[in-house]
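Asker: Starting off with a structure, shown below.
Only the coordinates and a few stated rules stand behind these numbers; no lab work does. As the structure is a computational prediction, the values presented were derived from the model and not from experiment. All Cβ positions, even for glycine, are placed from backbone atoms using ideal geometry, and neighbour counts span all protein chains on display.
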């Protein structure tokens, strides 16, 4: 996604003719997130880590980002214009733990803020990057193109803390542009 004007903290999955695997090493060099035609896989110190959920994620057009401490990562999972989901994972001694509560709370707060119909589609939610200590994720929610919650193009920014899957702050469009300027795509700055 960094090639499309998105944050340099996000690496775009690029699979296609002759390219069947992408490898995304963690900052500490001990972990590798692998994207291929069968989904995502995780290796720690060269050993494959059990993570069934990774196989269910779309790799085409997805973006990935490791936390600075190499203890967590997120995947912007989706394809096309609608249906993007921020998938957040934390690594523990017991494996890969999903933090889907972060996305769910961003969606809830977005819907509440724009006061949309319960029949409207959830907004697209994507990660933009990490705080320096890796404890917080900077994220972005935007109304979908079809059956949107709010006006098409409406967006909000949010800071989510990994501890407790809490949303620290939700920002208006103008605040998001100011706070996350270099993390947003060029056309939204």
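Asker: What ranking do 89, 171, 79 get, fewest neighbouring Cβ atoms within 10 angstrom at the top?
Answerer: The most exposed by this proxy come first: 79, 171, 89.
Asker: Using only DSSP helix segments of four residues or longer, with each worth -39500 (n - 2.57), what per-residue ellipticity at 222 nm results for the chain after dividing by its residue count and rounding to 500?
Answerer: Calculated from helices alone, the mean residue ellipticity at 222 nm is -3500 deg cm²/dmol.
Asker: Between helix 100-114 and the chain, what is the angle of the helix's C-alpha long axis to the longest principal axis, kept within 0 to 90° and rounded to the nearest 10?
Answerer: Once rounded, the angle reads 10 degrees.
Asker: On to the next question. Quick check on the exposure proxy: order 112, 188 from fewest to most C-beta atoms within 10 angstrom.
Answerer: In increasing order of surrounding Cβ atoms, one gets 112, 188.
Asker: Give me 59, 144, 92, 166 sorted ascending by neighbouring Cβ count inside 10 Å, so fewest comes first.
Answerer: If I rank by nearby Cβ atoms, fewest first, I get 92, 166, 144, 59.
Asker: If I stretch the segment between residue 146 and residue 8 completely, what's the gain in nm (0.36 nm per residue apart, minus their alpha carbon distance), one decimal? Could the numbers behind the result be given before it?
Answerer: On the way: separation 138, 0.36 × 138 = 49.68 nm, distance 2.85 nm.
Extra length from residue 146 to residue 8 when fully extended: 46.8 nm.
Asker: Need one number: nm distance between label points at residue 98 and residue 175, each 7 Å from Cα along Cα→Cβ, rounded to one decimal.
Answerer: In this crude spin-label approximation the distance works out to 3.0 nm.
Asker: Follow-up. If you find the alpha carbon centre of region 131-148 and of region 7-78, how far apart are they in angstrom?
Answerer: Cα centroid to Cα centroid, the span is 19 Å.
Asker: May I ask for the equivalent-ellipsoid semi-axes of the chain, computed as the square root of five times each C-alpha gyration tensor eigenvalue and listed largest first in whole Å?
Answerer: Working: eigenvalues 142, 64, 50 Å².
The equivalent ellipsoid of the chain has semi-axes of 27, 18, 16 Å.
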